[in-house]
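The values are calculated or read from the model by the stated rules, or taken from the named source; none is laboratory data. Every value quoted in this text rests on a predicted model; they were computed, and no experiment measured them. Here the Cβ is made from the backbone with ideal geometry for all residues, glycine too, and neighbour counts use every protein chain on show. Accessible surface is based on the protein model in full, side chains and every heavy atom, while ligands, DNA and RNA are left aside. Shrake-Rupley method; radii C 1.70, N 1.55, O 1.52, S 1.80 Å.
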Amino acid sequence: MTERYDSTSARHYAAFRPPLHRAILDRVIGPHEFFPVGLDVGCGTGYSAVALAKYCDRVFGLDPSQSMLEAAQRHPRVTYVQGSGCTLGRIGMSQFDIVTFAGSLFYAKAARLRRELARVCPPGSTIVVYDFEILLNDVMAELGAASPAVASDYDHCVNLSDWAECAVVDGGAERLRLKVTGSEMAHLLLADSFRYDALVRRFPHGDPFASLVDCLEHFRANRHLEADIYFTRYRMVGS
Ligand SMILES: C[S@@+](CC[C@H](N)C(=O)[O-])C[C@H]1O[C@@H](n2cnc3c(N)ncnc32)[C@H](O)[C@@H]1O
């Protein structure tokens, strides 16, 4: 992967992210619920921490990757801290009212995380585990740039339902449809290395972004983004 490619894909990644975190949290958190202190474990570049800030006075976004945190979106109520699910003590808070895992539990789930959560989440506190998968294969096929599926053991449905101290309150899985513009769809497609390569092969002359937007604007009658979403809300009970 070249440095030029890296910065191009990062630019497309930064240019558009669909508002899925907010859409999912709105399904499991009521409009009048409010939490004093929230924690987002595995916050990456901050989309999930900023989405949680809508419901909290103060949010801590925790991630082991310093480069993710350096690129994270700033927000007046969000503080970013480097660390993993096994080092919640680094944040310096003795307890949280809500903890979220957005696409991060697959990496963070461990016996040590369980002990750390039991320590910082008092009975009655809330944990939300959620994830999503944006479905772009049909769009790539429609553009004549379908690429073979990449094998992965990643599990979008990983959850805490096997931990007795986490009582399920709510949960579900749905397919969402969001309206997007041609430019938004083009940014989304070009932000991924495999799709970027396939689209550069498909549009070899000039700027692939401009060709792609042109193609999407003219040939796709209904521009909708589809995503499968997965979410579970838990209440901590005494162990
Ligand atoms: C798919 S990203 C999700 C980022 C963010 N939550 C979002 O929704 O945009 C997964 C994140 O989990 C983080 N991660 C990996 N191992 C972790 C661990 N043991 N504890 C906490 N986070 C971890 C990665 O650094 C990465 O930022």
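Per-structure values
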| read-out | value |
| --- | --- |
| Candidates 113, 188, filtered to the one that is within 16 Å of the ligand (Cβ to nearest atom), within 22 Å of the chain's Cα centre (by Cα), more than 30 Å from residue 201 (Cα to Cα) and of a type in the set (A, V, I, L, M) | 113 |
| In segment 131-160, the residues that are part of a loop (DSSP other than H, G, I, E, B), surrounded by 14 or more Cβ atoms within 10 Å (Cβ to Cβ) and more than 20 Å from the chain's Cα centre (by Cα) | 143, 145, 146, 147 |
| Number of positions in segment 100-130 that are under 22 Å from residue 61 (Cβ atoms), touching a residue at least 60 places away in the same chain (Cβ under 8 Å) and open to solvent by 70 Å² or more (accessible area, probe 1.4 Å) | 1 |
| Members of segment 23-33 found to be within 16 Å of the ligand (Cβ to nearest atom) and over 19 Å from residue 168 (Cα atoms), listed by number | 23 |
| Subset tally (residues that are aromatic (Phe, Trp, Tyr) and farther than 30 Å from residue 120 by Cα) for segment 198-239 | 3 |
| Of all residues in segment 34-48 being in contact with a Ser or Thr (Cβ under 8 Å, 6 or more places away or on another chain) and assigned to a strand (DSSP E or B), the one that is farthest from residue 105 (Cα to Cα) | 35 |
| Failed criterion for residue 36 (all others in (1) away from the ligand (no atom under 15 Å from the Cβ); (2) surrounded by 14 or more Cβ atoms within 10 Å (Cβ to Cβ) hold) | (2) |
| Residue that is farthest from residue 132 (Cα to Cα) [pool: residues in segment 175-232 that are in contact with a Lys or Arg (Cβ under 6 Å, 6 or more places away or on another chain) and open to solvent by 20 Å² or more (accessible area, probe 1.4 Å)] | 224 |
| Residue tally, condition open to solvent by less than 20 Å² (accessible area, probe 1.4 Å), within 11 Å of the ligand (Cβ to nearest atom) and assigned to a loop (DSSP other than H, G, I, E, B), over segment 82-99 | 2 |
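Per-residue answers, yes or no, for (1) among the hydroxyl-bearing types (Ser, Thr, Tyr); (2) outside any loop (DSSP other than H, G, I, E, B); (3) near the ligand (Cβ under 10 Å from one of its atoms):
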position	(1), (2), (3)
8	yes, yes, no
14	no, yes, no
18	no, no, no
50	no, yes, yes
72	no, no, yes
80	yes, yes, no
